[in-house]
1. At 7 Å along Cα-to-Cβ for each site, give me the label-to-label distance between A78 and D32 in nm.
2. Which order do M106, M52, M129 take when ranked by solvent-accessible area (1.4 Å probe, heavy atoms of all protein chains), largest first?
3. Accessible area per residue for the chain in Å², computed with a 1.4 Å probe and the full protein assembly in place, what is it?
4. With angles folded into 0 to 90 degrees, how steeply does helix 45-59 sit against the dominant principal axis of the chain? Use alpha carbons for both and round to 10.
5. In the chain, if the dipole is taken from +1 on Lys/Arg beta carbons and -1 on Asp/Glu beta carbons about the Cα centre, which of A12, A78, T51 is farthest to the positive end?
6. Rounded to the nearest 0.05, what FRET efficiency is calculated for M106 and D23 with R0 set to 22 Å and r the Cβ-Cβ distance?
7. For the range 103-110, in order, what is each residue's ³J(HN,Hα) by Karplus, 6.51 cos²θ - 1.76 cosθ + 1.60 with θ = phi - 60°, in whole Hz (x at glycine and Pro)?
8. Under the rule a/c < 1.5 gives rounded, and otherwise a/b versus b/c splits prolate from oblate, where does the range 3-78 land using the Cα gyration tensor?
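The values are calculated or read from the model by the stated rules, or taken from the named source; none is laboratory data. None of the values given here were measured: they were computed from a predicted structure. As a convention, Cβ positions derive from the backbone with ideal geometry for all residues, glycine included, and neighbour counts pool all protein chains shown. SASA here: full protein model, heavy atoms, side chains in, ligands and nucleic acids out. Shrake-Rupley method; radii C 1.70, N 1.55, O 1.52, S 1.80 Å.
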Amino acid sequence: MSQQTNIAAQTAFAEAVVTGNLDALDEIVAPDSIDHDPAPGQAPGPDGFKTMFGELREAFPDLRVEVEHLVATDDELAFAYTITGTQLGPLRGQPATGKKVHYRGMQISRFDSDGKLVERWGSSDELGMLHQLGLADV
């Protein structure tokens, strides 16, 4: 696939997460996709991403992800991003704090010839996010 096709797929993925239209991930993520850095208990494929991002959106209904740097090849994208939001819902069994977070992360996504996400490697500063919420010991 072309770089532009993969960028469009990644953009659609981000749009699904930010808007909460997580069912759109069925069209973007391959059924057997692998997340090499899954959330605890995250299932493979689109359902795993739906659950993970559904929980994140429940905790941070105003969630925003801003891509700050992007590098693309014919089948992979690597990007650095910033996540912002206000914790207005439960997170990891802890009630809402009402506090705002601002933390960074990086991701590499690999796409198949149909432009579907088949592998993901990523890392976010979740400890920094938990410190900002006062939940670092949770």
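1. In this crude spin-label approximation the distance works out to 2.7 nm.
2. Most to least solvent-accessible, the answer reads M106, M52, M129.
3. Accessible area per residue: 53 Å².
4. Taking the Cα atoms of the chain, the angle to 45-59 is about 30 degrees.
5. Value computed over the given set: T51.
6. FRET efficiency, M106 to D23: 0.25.
7. 9, 10, x, 9, 8, 10, 10, 10
8. Since a/c reaches 1.5 but b/c is at least a/b, the shape of the range 3-78 is classed as oblate.
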